[in-house]
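Everything below concerns the one structure shown next.
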């Protein structure tokens with residue numbers, strides 16, 4: 001028979017529990033609307049004990065954002081196998097999984113939330129963008145990107161962010177369509193840049209050579225041909 005005695009948590013274990021509880025609450029509502037009292041209640045401890053592990057709501061919020069940013073950055077990790085279009089589509093699927101699971105938290109992470117102006121928060125957002133940038137270059141097999149490729153990749157990452165934020169406000173476009181559209185956007189941005197630069201043209205030709213007709217990039221070509229005719 002259980003005695004009902006709760007196991008005492010160590011310091012780091014308790015900190016991680018509080019971060020998890022806070023992240024769960026921040027994922028459902030704006031961090032501005034979540035109080036320390038709610039976090040304490042959800043964790044099954046007293047309000048003063050929360051302050052024993054974190055000096056204030058901002059420090060707990062930033063710790064939760066750190067965990068969220070690590071998770072989001074990991075969504076861009078994809079084995080370098082198969083056509084690029086299919087890889088990017090899987091990345092976008094995991095990216096929007098995160099967006100859907102952590103709507104208010106995602107908005108707070110990208111927009112700053114209650115920590116606007118915080119150097120820590122800004123650094124976390126930048127770290128996610130840099131991790132995504134490095135992963136996309138890895139998919140392209142490029143270690144020293146020319147200026148136009150850097151512009152394309154960073155612009156596309158910003159586009160994915162803004163698309164997800166707009167989608168959260170009403171979800172008026174089916175998610176699967178947006179995921180495919182973002183992959184098409186990457187191809188389109190690369191194609192436009194290739195029209196101005198032979199190095200980008202060579203990269204685009206290399207990518208397209210590995211793309212199947214029924215893949216995301218092939219689908220885009222078919223749509224454009226249909227539109228032109």
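Annotations
- Crossing angle, helix 119-140 versus the chain [Cα axis fit, 0-90 degrees, rounded to tens]: 40
- Normalising the average separation of contacting C-alpha pairs (under 8 angstrom, six or more residues apart) by the number of residues puts the relative contact order of the chain at 21 percent.
- Along each principal axis, Cα extent of the stretch 66-228, largest first, Å: 46, 36, 28
- Against the main long axis of the alpha-carbon atoms of the chain, helix 84-101 sits at an angle near 30°.
- Residues 200, 110, sorted so that the one with the fewest Cβ neighbours within 10 Å comes first: 110, 200
- Among 77, 142, 99, residue whose mean-square fluctuation peaks in a GNM of the chain (springs only between Cα atoms under 10 Å): 142
- The chain: calculated mean residue ellipticity at 222 nm from DSSP helix runs of at least 4, using -39500 (n - 2.57): -24000 deg cm²/dmol
- Across the stretch 132-229, Cα pairs under 8 Å and at least six residues apart give a relative contact order of 24 percent.
- Debye-sum result for the stretch 130-208 in log10 I(q)/I(0), which assumes one identical scatterer on each alpha carbon, at q = 0.14, 0.23 Å⁻¹: -0.49, -1.08
- Mean-position separation - Cα centroids, the stretch 171-229 and the stretch 38-93, in angstrom: 31
Readers should treat all values here as calculations from the given coordinates under stated rules, not as data from a laboratory. Bear in mind that the values here come from a model prediction, so they are computed numbers and not experimental data. Here Cβ is always computed from backbone atoms with ideal geometry, including for glycine, and neighbour counts include all displayed protein chains.
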